[in-house]
Amino acid sequence: MDLFLLKKIISAFIMPLSLIIILLLLAIIFYRSKPSFSFKCLCASTLLLFLSSFAPFADWIMAPLESSYPSFSQSQKPVDYIVILGCGHTSDDRLPATSQLYACSLERLVEAIRIFRLHPEATLITSGFNGADPSSNATKVKEAAISLGIPESKIITENFPKDTEEEAQLIAPRIQNTHSVLITNADHMPRAIEYFQKYGANPIAAPASHWVKGNFQAKSWGYYVPNGRKLQQTTYAWYETLGLTVQLIKSLFE
């Protein structure tokens, strides 16, 4: 089996929602034969569901990841490259390219355009493979960027990297010894920067798509009601924490 696919399958099974479903299935299966075990599984799944979808908990585990790097402001030096890491899209010719992008890709592109307006001397590098889609994510982000006014001559595509490490392996040699900016989701930035530094590049972090906002503002009662979006946020925080752990373990053996 392809290693990339294997990693995705394993990670899917250890995400909060997957664990909740597994615990619920165990509770049903052992309801009669082992009622005490079944009850414990039910309680564990309920607690995990509540915590994962509870905003204060979700923000608590996400905030350290997102606060690792500040937002990008205008650089005193010219910027050579603006690197946009891949995320995802679904090709549909009935829609404009911007509407085909997943929210993460669109938000990264918006940040790239903001920085490009500050530094029009820069060249954009879009990245990401196609998976099962006819178009690579790099190509689709490029199409969206052109539709939003970025000159085609100012965009380079890297169509083959499947994950962040492959992106760093391919792009880092190009941006070594340059003044470049790296754009990805704020929670993903610590892992991305670590990979680029590993392969010899030191880009400036430009985190996008923050989950935790308005930390010091008073919260309404709705903030404390569990909801699906916070479950998604917890899932991303858990995924990135696992990714950083694996990254650390791998570095110990290299």
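The values are calculated or read from the model by the stated rules, or taken from the named source; none is laboratory data. Bear in mind the structure is a predicted one, so any value in this text is a computation, not a measurement. Positions of Cβ are generated from backbone atoms using ideal geometry, with glycine treated the same way; all protein chains shown enter the neighbour counts.
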I'd like to check something: does region 166-186 contain any residue that is part of a strand (DSSP E or B) and surrounded by fewer than 21 Cβ atoms within 10 Å (Cβ to Cβ)? no
Tell me yes or no: at least one residue of region 233-251 is without any contact (Cβ under 8 Å) to a residue 60 or more places away in the chain, of a type in the set (D, E, K, R) and not in a loop (DSSP other than H, G, I, E, B). yes
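Quick one: which of I115, I146 is in contact with a helix residue (DSSP H, G or I) (Cβ under 6 Å, 6 or more places away or on another chain) and not in a loop (DSSP other than H, G, I, E, B)?
The unique qualifying residue is I146.
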Residues within region 136-177 that are aromatic (F, W, Y) and in contact with a strand residue (DSSP E or B) (Cβ under 6 Å, 6 or more places away or on another chain), tallied: 0
Do we have any residue at all in region 52-75 that's assigned by TED's automatic domain parsing to the domain that holds I156, over 19 Å from F196 (Cβ atoms) and in contact with a Lys or Arg (Cβ under 7 Å, 6 or more places away or on another chain)? no
Using the structure shown, decide if S68 is farther than 16 Å from L182 by Cα, touching a Pro at 6+ places or on another chain (Cβ under 9 Å) and in contact (Cβ under 8 Å) with a residue 60 or more places away in the chain. no
How many residues of region 71-86 are modelled with pLDDT of 95 or more and either surrounded by 14 or more Cβ atoms within 10 Å (Cβ to Cβ) or touching a strand residue (DSSP E or B) at 6+ places or on another chain (Cβ under 8 Å) (or both)? The answer is 10
Kindly list, by first and then second residue, each pair from a residue in region 154-174 that is assigned by TED's automatic domain parsing to the domain that holds Y199 and among the polar types (S, T, N, Q) to a residue that is assigned to a loop (DSSP other than H, G, I, E, B) and surrounded by fewer than 18 Cβ atoms within 10 Å (Cβ to Cβ), limited to pairs with Cβ atoms under 7 Å and residues at least 6 apart or on different chains. Q169/Y199
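Just one of G228, G222 is surrounded by fewer than 19 Cβ atoms within 10 Å (Cβ to Cβ), among the small types (G, A, S) and either touching a residue at least 24 places away in the same chain (Cβ under 8 Å) or in contact with a helix residue (DSSP H, G or I) (Cβ under 7 Å, 6 or more places away or on another chain) (or both); which is it?
G228
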Return yes or no: is T178 at negative phi and under 15 Å from the mean Cα position of the chain (by Cα)? no
Filter region 1-56 for residues that are outside any helix (DSSP H, G or I) and within 28 Å of A132 (Cα to Cα); the one that is farthest from the chain's Cα centre (by Cα) is M1
It is to be established whether one or more residues within region 113-129 are touching a residue at least 40 places away in the same chain (Cβ under 8 Å), within 26 Å of K219 (Cβ to Cβ) and within 20 Å of the chain's Cα centre (by Cα). no
